[in-house]
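The values are calculated or read from the model by the stated rules, or taken from the named source; none is laboratory data. On a predicted model such as this, the values are computed, not experimentally measured, just so you know. With ideal geometry, Cβ positions are generated from the backbone for all residues, glycine too; neighbour counts draw on all protein chains shown. For accessibility, only protein heavy atoms count, side chains too; no ligands or nucleic acids. Shrake-Rupley method; radii C 1.70, N 1.55, O 1.52, S 1.80 Å.
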Amino acid sequence: MSASVAAALERGRSLLAAAGIETAELEARLLLGHATGLGPAALIARSRDGVAPGAADRYGELLLARCRRTPLAYLTGEREFWSLRLLVDRRVLVPRPETETLVEAALERLRPGARVADVGTGSGAIVIALATELGAGEFLAVDRSADALDVARANAAAHGLSGRIAFFEGDLLAPLGERAATLDAIVANPPYVPAGELSGLQPEVRDHEPRLALDGGPDGLAVIDRIVAGAPRLLRPGGWLLLEVGAGQAPRVGERLGRTGAFDLTATRRDLAGVERVVAARRAA
């Protein structure tokens, strides 16, 4: 006789907790729901029912992979961001809640009809959130990874935005070269982890997520420096450069922005943990 839903959940919770997963009970429910196709309410209502053999096997495989610290989002194939369900897999960084701070900062400064470029778009989370909220506008998404752009395009299509977001393969700002002084905003969640700190990241990040989306060079600011240097030519006067940065990096990024002489206002925004997560700079006239 197959194990009941309740027994399967307890087994999963125990295994995940032993592997050091802090949210073991929640993740056991999510993985069993993914394996069985049952939502949270159905899992509760059917707690005494047996789990079908095929679903039980799949659940076991998912638990084993999670115990090996494969990110949960890669196992379920999705992640919620800005209340939007997004496809994610090993081709892209898993969208983080703190990146919603970048979306908030952009929406405070933009209006419908804005021309916005998302540089290093990955899964497309940022540009899709902005296009959803702003409605009308021109939305450009750039990534050097063709695989990441495939994920972003799929997400745009899933949210009915295929015709409103243009995708470009290339290195940072290079594909936008013909748009001098036309953009209302450049937004980016660039790699900002110092290379020497990569080995100390959580196993889910260190061993599974794309290194290209994490490695910010020796001081963590190598990619940010290139964006700061190239953005002034593309932004219209009064346009905004908005960057997600790592803990403690905001003052140094602000200094770099000031040295360009191209921006007349710089501000920061903290995430829910109190970290200065976003640096915003306005293009001077």
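Any residue at all in the range 44-52 that is open to solvent by 50 Å² or more (accessible area, probe 1.4 Å), basic (Lys, Arg) and under 23 Å from the mean Cα position of the chain (by Cα)? Checking the range 44-52: not a single residue is open to solvent by 50 Å² or more (accessible area, probe 1.4 Å), basic (Lys, Arg) and under 23 Å from the mean Cα position of the chain (by Cα).
Residues that are small (Gly, Ala, Ser) and free of Cβ contacts under 8 Å to residues at least 24 places away in the same chain are absent from the range 149-156.
Would you pick out the residues in the range 71-85 that are over 15 Å from His34 (Cα atoms) and either in contact with a strand residue (DSSP E or B) (Cβ under 9 Å, 6 or more places away or on another chain) or outside any strand (DSSP E or B) (or both)? Write out each step before concluding.
Filtering the range 71-85 down to residues over 15 Å from His34 (Cα atoms) leaves 81-84.
Selection gives Trp82, Ser83.
Annotation note: of Arg96, Arg144, Arg164, the sole residue that is open to solvent by 30 Å² or more (accessible area, probe 1.4 Å) and closer than 23 Å to Arg277 by Cα is Arg96.
When the test is whether a residue is more than 24 Å from Arg269 (Cα to Cα) and either open to solvent by 60 Å² or more (accessible area, probe 1.4 Å) or within 16 Å of the chain's Cα centre (by Cα) (or both), Ala136 passes it.
Being open to solvent by less than 30 Å² (accessible area, probe 1.4 Å) and at negative phi: is that true of Ala65 here? Break it down into steps so the answer makes sense when it comes.
Working: open to solvent by less than 30 Å² (accessible area, probe 1.4 Å): yes; at negative phi: yes.
The answer is yes for Ala65.
With respect to (1) touching a residue at least 60 places away in the same chain (Cβ under 8 Å); (2) among the aliphatic types (A, V, I, L, M); (3) closer than 21 Å to Leu173 by Cα, the lone exception for Val245 is condition (1).
Quick grid of which residues meet (1) open to solvent by less than 20 Å² (accessible area, probe 1.4 Å); (2) closer than 24 Å to Gly254 by Cα:
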position	(1), (2)
Leu149	yes, no
Arg153	no, no
Glu178	no, no
Val193	no, yes
Arg211	no, no
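Return yes or no: is Arg206 among the charged types (D, E, K, R), open to solvent by less than 70 Å² (accessible area, probe 1.4 Å) and not in a strand (DSSP E or B)? If you could, list the steps in order and put the result at the bottom.
Details: among the charged types (D, E, K, R): yes; open to solvent by less than 70 Å² (accessible area, probe 1.4 Å): no; not in a strand (DSSP E or B): yes.
Against the criterion (among the charged types (D, E, K, R), open to solvent by less than 70 Å² (accessible area, probe 1.4 Å) and not in a strand (DSSP E or B)), Arg206 does not qualify.
When each of Leu72, Leu16, Leu32 is tested for being within 18 Å of Val88 (Cα to Cα), under 26 Å from the mean Cα position of the chain (by Cα), of a type in the set (A, V, I, L, M, F, W, C) and open to solvent by less than 70 Å² (accessible area, probe 1.4 Å), the lone residue that passes is Leu72.
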